[in-house]
Amino acid sequence: MAPLKASCLSASLALSLPAQGVELVFNTYLDPPYVIQNQRGLAGVNIEVYELLKKHSKLDISIRLLPLKRAYLMALESPNNCVFAIERSQARESSFNWISPMYISRYAIYQPQQSITPLSSVADLQQLKIGSYLGSGIGEYLESLGVEVDLAKTNLNSAKKLQRQRTQAWASDILSSAYVHYHYSLGIQKQGFDFYSSLRAIACNKDSDAGALHKLQTSLNQLQKSGKISKILASYEQQYQVDLGL
């Protein structure tokens, strides 16, 4: 019986350890202030979390900036590729191996400042044409409710469509909307109708190295427990004067 136990233990360890030479690729996309591109390179909430994860896990992880749709397809089709990071939803659940949660995102619906019809229920949304952006989980969620959704290339483009009256409302993560309000004057309400929350997570190809993903999840869990990720979010909460409910 002893040799059998040793064999089982060795097999278990083999599954939990990443294979030598495994490189994980985090495919990310512009989503200020989560991912910002400036003269120095990439910055933002997610980039700070990425740097923590890479250092803590000691895994070989690279990051690549792509359009969201392309980042999603890379993770769907290529082993050891992940989307960093997207909303974890029921519709997407079976398509990926998830490293989760990074944090919770809260979403709201914003109208023009001169709007005189306040929103008070999800049923009100079905009367509006609401802007979102390609690949956004919130766009998918609204469509599942029977809402007419107009998809732009980016969240900022969606906000500008509302300014130009091409839509009647704008659906956005509240930190992203605070970033837009901070940097642009688009005549949009600062306080929206807060109606939905979801987990943001790392979505990895289902054929990715199991040991590497296990180590990545363990590192994320430990970073969450240490409060380091909450500290990053709190700094952006203060900068953009928004309540993330931390």
**Complete:** Exactly one of Asn46, Asn81 is closer than 25 Å to Asn157 by Cβ and buried (at least 20 other Cβ atoms within 10 Å of the Cβ), and that one is Asn46
**Complete:** Going through (1) in a helix (DSSP H, G or I); (2) in contact with a helix residue (DSSP H, G or I) (Cβ under 9 Å, 6 or more places away or on another chain); (3) surrounded by 17 or more Cβ atoms within 10 Å (Cβ to Cβ) one by one, Leu76 fails only at (3)
**Request:** Determine if segment 164-178 includes at least one residue that is open to solvent by 40 Å² or more (accessible area, probe 1.4 Å) and either at pLDDT below 95 or under 28 Å from Leu76 (Cβ atoms) (or both).
**Result:** no
**Prompt:** What do you reckon, is Pro67 open to solvent by 40 Å² or more (accessible area, probe 1.4 Å) and in contact (Cβ under 8 Å) with a residue 12 or more places away in the chain?
**Reply:** yes
**Prompt:** Do we have Ala171 as within 21 Å of Val45 (Cα to Cα) and either in contact with a Leu (Cβ under 6 Å, 6 or more places away or on another chain) or not in a helix (DSSP H, G or I) (or both) here?
**Reply:** yes
**Message:** Given the criteria out of contact with any helix residue (DSSP H, G or I) (no Cβ under 9 Å at 6 or more places or on another chain) and exposed (fewer than 15 other Cβ atoms within 10 Å of the Cβ), does Asp194 qualify?
**Reply:** no
**Item:** When residues of segment 208-246 are limited to those that are open to solvent by 60 Å² or more (accessible area, probe 1.4 Å) and not in a helix (DSSP H, G or I), the one modelled with the lowest pLDDT
**Value:** Leu246
**Request:** Scan segment 153-182 residue by residue and report those that are among the hydrophobic types (A, V, I, L, M, F, W, C) and in contact with a Lys or Arg (Cβ under 6 Å, 6 or more places away or on another chain).
**Result:** Ile174
**Request:** For residues that are open to solvent by 40 Å² or more (accessible area, probe 1.4 Å), of a type outside the set (Val, Ile, Thr) and under 26 Å from the mean Cα position of the chain (by Cα), tally how many sit in segment 103-119.
**Result:** 1
**Request:** Output the residue which, of all residues in segment 84-97 that are open to solvent by 30 Å² or more (accessible area, probe 1.4 Å) and touching a strand residue (DSSP E or B) at 6+ places or on another chain (Cβ under 9 Å), is nearest to Leu213 (Cα to Cα).
**Result:** Asn97
**Fill in**
Reported set for segment 71-97 where residues are at pLDDT 95 or above and charged (D, E, K, R) is Glu77, Glu93
**Which listed residue, of Leu59, Leu53, Leu76, Leu66, is among the hydrophobic types (A, V, I, L, M, F, W, C) and under 23 Å from Val180 (Cα atoms)** = Leu66
**Prompt:** Would it be correct to say that Leu53 is outside any helix (DSSP H, G or I) and either out of contact with any Gly (no Cβ under 9 Å at 6 or more places or on another chain) or touching a residue at least 60 places away in the same chain (Cβ under 8 Å) (or both)?
**Reply:** no
**Residues being at pLDDT 95 or above, assigned to a strand (DSSP E or B) and closer than 21 Å to Ser105 by Cβ - total across segment 122-150** = 5
**Prompt:** What are the pairs, 6+ residues apart or on separate chains, where a residue within segment 134-157 that is touching a residue at least 60 places away in the same chain (Cβ under 8 Å) has its Cβ under 9 Å from a residue that is assigned to a helix (DSSP H, G or I) and of a type in the set (Lys, Arg)?
**Reply:** Leu134/Lys69; Gly135/Lys69
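The values are calculated or read from the model by the stated rules, or taken from the named source; none is laboratory data. Just so it is clear, the model here is predicted, and its values are computed rather than measured. Cβ sites come from the backbone with ideal geometry, for glycine too, and all protein chains shown count toward neighbours. When the accessible area is computed, the model is the full protein with side chains, heavy atoms only, and any ligands, DNA or RNA have been set aside. Shrake-Rupley method; radii C 1.70, N 1.55, O 1.52, S 1.80 Å.
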